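We did not get these values from a lab; they are worked out from the coordinates using the rules stated. Computed from a predicted structure; not experimentally measured. All Cβ positions, even for glycine, are placed from backbone atoms using ideal geometry, and neighbour counts span all protein chains on display.
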C-alpha cells in the first residue's frame with residue numbers, strides 16, 4: 001500500500017529521516033563504549049543485547065523497512081518489535097538477527113522474542129525520550145517534565161530485583177552512557193518555568209512573562225490550560241477570600257507565601273525545610289483553600305499515622321508519596337508523639353525515602369512534596385519540630401451563624417474557584433483558580449523582596465474549657481487575676497490538685513505535657529528572703545511560651561463567657 005505522496009509528506013519523511021539517522025548514530029556510539037569499564041558482572045551482556053537493535057526506516061509506503069541489502073528490495077516489517085516516541089518523532093524498532101548470504105543478495109531475519117527491559121531504557125535515552133539533567137532523570141516526551149524516581153523507573157520498565165539489572169544498575173548504566181555521549185536534550189528543559197496558554201512564570205529569574213506562548217521545542221516544569229486575563233480576574237477574588245477566612249495578619253502572611261514556597265520546592269529551586277499546619281474549628285474555609293492551592297500540583301492525600309508505624313504498612317504508605325508535590329493530610333487526629341514527629345521531620349527535610357508498593361520491590365521514592373496539614377484537633381510538637389511548622393490560623397465562624405447563612409457567604413467563592421465535573425461527586429478546583437493562587441503568592445513573595453520570613457503563629461488548641469484538667473484550669477484562673485508567677489506556697493489548693501491529678505507511672509511526664517499545653521512550666525525560683533539575710537529557692541509555675549499563654553487565656557475567658565451566657 002502506497003501512502004499519498006504530497007509536499008507535506010516529503011517534509012515529514014525528511015524530518016523522520018534526520019531523526020532516525022540521529023538515533024542510528026547514537027546507537028553506533030553506545031555500541032562503541034568501553035563497556036568493560038562499566039562495573040557490573042553482566043556488563044558484557046549490554047552491547048550483545050544492543051547488537052539486535054535495528055531502527056526501521058520509512059518511505060511513502062505504509063510499512064517501515066529494514067536498512068539492509070537484498071535483491072528482492074526492502075524487507076518491510078508489518079509488526080515492529082517495539083516503538084519509541086520522544087514527543088517530536090516516533091521510531092519503530094526491529095529487535096533480532098539479520099544475516100546476509102555470501103554475495104549479500106539476500107538477507108534472512110529472525111526476531112528475538114524477549115527484549116531485555118534495560119534496552120528500552122537505553123533506547124529512550126538515545127532517542128531523547130529520557131533526558132538527564134543535573135543527574136536527575138526526566139521524561140520529556142510531552143509539554144510537561146516528568147521526574148523519574150527509582151520507583152517510577154521500575155514501573156515504566158518493569159524492573160525487579162530479579163532482573164539481570166535492577167533499577168539501581170539501570171540508573172548507573174544510563175549515567176555511564178550519558179557520561180560518554182553527553183547527549184543534549186531534544187527539547188530545552190525548563191525546570192523552573194510554569195507555562196500557560198499566553199503567559200509564563202519563570203521561578204528562576206523571578207519574572208512573569210506576559211504574551212508568551214508555549215514552544216513545542218521546550219519542556220516545562222508545569223503546563224496549564226489557562227489564560228492571563230482569566231487568571232488575573234481571580235487573583236483579587238482569592239485575596240479577598242484569604243482576608244475573610246484567615247484569623248490574623250501573621251497567619252495571612254504565612255498563607256500568602258505557602259503556594260509559591262511549595263512550587264519552588266517542587267521544581268527544586270527552593271530548599272525544603274518547612275511544613276504547613278492550618279487549624280480552626282469546623283467549616284471555616286480551610287477545605288476550599290486547600291482545594292484551590294493544591295490544584296496546580298501533583299497532590300497526594302496521606303495519613304500521618306501510617307507513616308509513623310513500622311513494617312510493610314509504613315513502607316507502602318511512604319510509596320504513595322512518590323512524586324507528590326502537595327502532600328495533604330486532612331481529618332487527622334491529635335498530632336503529637338515521637339513517631340509522628342519522626343515522620344514529619346523526614347517529610348519536611350528529606351529528598352528520598354525507602355518505600356515498597358504492594359507486590360513491588362523496595363526502592364527510593366522522591367519526597368519532592370511539601371506537607372500541608374488541615375486539622376481541627378490538638379497539635380503539640382516539641383521545640384525542634386515547632387521551628388519547622390508554619391502555622392496558619394483560620395477564623396472561627398460566629399457561633400450564631402446558621403448553615404444557610406454560611407453557605408450564602410461562601411457561595412460566591414465556590415462559584416469563582418470551582419466547577420462541577422462528571423467525574424467527581426464534589427466540586428473540583430478550576431485550574432485557573434489554582435494558578436491564580438500561585439500568581440497571588442508570587443506577587444506577595446515579590447513584595448517581601450523574595451524572602452520567606454515566616455511568622456510565628458500560636459494555634460488555638462483550646463476549643464472548649466472541658467479540655468482542661470483541674471490543675472490547668474486553676475493555673476489559668478490564678479494567672480488571670482494578675483499573678484504572672486504562681487508560687488506553690490501561696491496556693492496550697494493547687495499543690496493538692498497536683499498530687500490528685502497526676503498519679504501513677506509517668507506522672508511527671510503527664511504534668512509537664514499538661515503545663516506545656518497551656519504554655520507554662522515548673523521552675524525553682526531563687527528569691528530574696530523576707531529578712532534580707534540571703535536567697536532561697538521556691539517552687540513556681542511561670543510562663544514558658546507567652547504567645548501560647550495569650551492564645552489559651554483568650555480562649556479560656558471567651559469560653560467562660562459563652563458558658564455563662566448559656
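List of remarks:
- Computed over the Cα atoms of segment 7-181, the ratio of the radius of gyration to the Kirkwood radius (Rg/Rh) comes to 0.98.
- Here residue 530 and residue 350 are evaluated by their C-beta separation; at R0 = 60 Å the FRET efficiency comes out at 0.60.
- Between residue 179 and residue 453, the distance separating the two model label sites (each 7 Å from Cα on the Cα→Cβ line) works out to 4.6 nm.
- Relative packing of peptides 76-86, 297-307 - highest average C-beta neighbours within 10 Å first: 297-307, 76-86
- Cα shape, segment 386-428, gyration tensor, a/c 1.5 rule: oblate
- Binned Cα-Cα distances of segment 171-249, short to long, each 10 Å bin given as a whole percent: 15, 31, 25, 17, 8, 3
- Cα-Cα P(r), the chain, percent of pairs per 10 Å interval: 3, 14, 20, 19, 16, 11, 8, 5, 3, 1, 0, 0, 0
- Across the chain, the relative contact order, built from alpha-carbon pairs under 8 Å that are at least six residues apart, equals 10 percent.
- FRET E, pair residue 511, residue 425, Förster distance 30 Å, beta-carbon r, rounded to 0.05: 0.05
- Within the chain, percent of DSSP bridges classed antiparallel, to nearest 5: 65
- Hull volume in cubic angstrom per residue (convex hull over the Cα atoms of segment 424-488): 195
- Computed FRET value (nearest 0.05) for residue 204 with residue 85, which takes r as the C-beta separation and R₀ as 22 Å: 0.15
- Over segment 500-555, volume per residue of the alpha carbon convex hull, in Å³: 121
- Contact order relative to length of segment 228-447, as percent, for alpha carbon pairs under 8 angstrom and 6 or more apart: 34
- When the square roots of the Cα gyration tensor eigenvalues are ordered a ≥ b ≥ c, the ratio a/c for segment 126-221 is 1.5 or more and a/b exceeds b/c, which makes its shape prolate.
- Where labels lie 7 Å past Cα in the beta-carbon direction, separation of residue 282 and residue 405 in nm: 1.9
- The packing ranking of peptides 385-394, 287-296, highest mean first, is 287-296, 385-394, where packing means the average number of other beta carbon atoms within 10 angstrom of each residue.
- Taking the alpha carbon gyration tensor of segment 405-456, multiplying each eigenvalue by 5 and rooting it gives semi-axes of 29, 15, 10 Å, largest first.
- Estimated distance in nm for a label pair at residue 306 and residue 243, the labels positioned 7 Å out from Cα along Cα-to-Cβ: 4.1
- Put simply, segment 465-565 fits an ellipsoid with semi-axes of 25, 17, 13 Å; these come from the alpha carbon gyration tensor as the roots of five times its eigenvalues, largest first.
- For the chain, the longest principal axis of the alpha carbon atoms and the long axis of helix 249-266 meet at an angle near 20°.
- Protection proxy ranking of 32-42, 257-267, by the mean of other Cβ atoms within 10 Å over each peptide's residues and highest first, is 257-267, 32-42.
- Rounded tilt (10° steps) of 546-565 against the dominant C-alpha axis of the chain: 70
- The base-10 log of I(q)/I(0) for segment 228-447, evaluated at q = 0.13 Å⁻¹, reads -0.77 [Debye formula, identical scatterers on Cα atoms, solvent excluded].
- C-alpha long axis of helix 492-501 to longest principal axis of the chain, angle in °: 40
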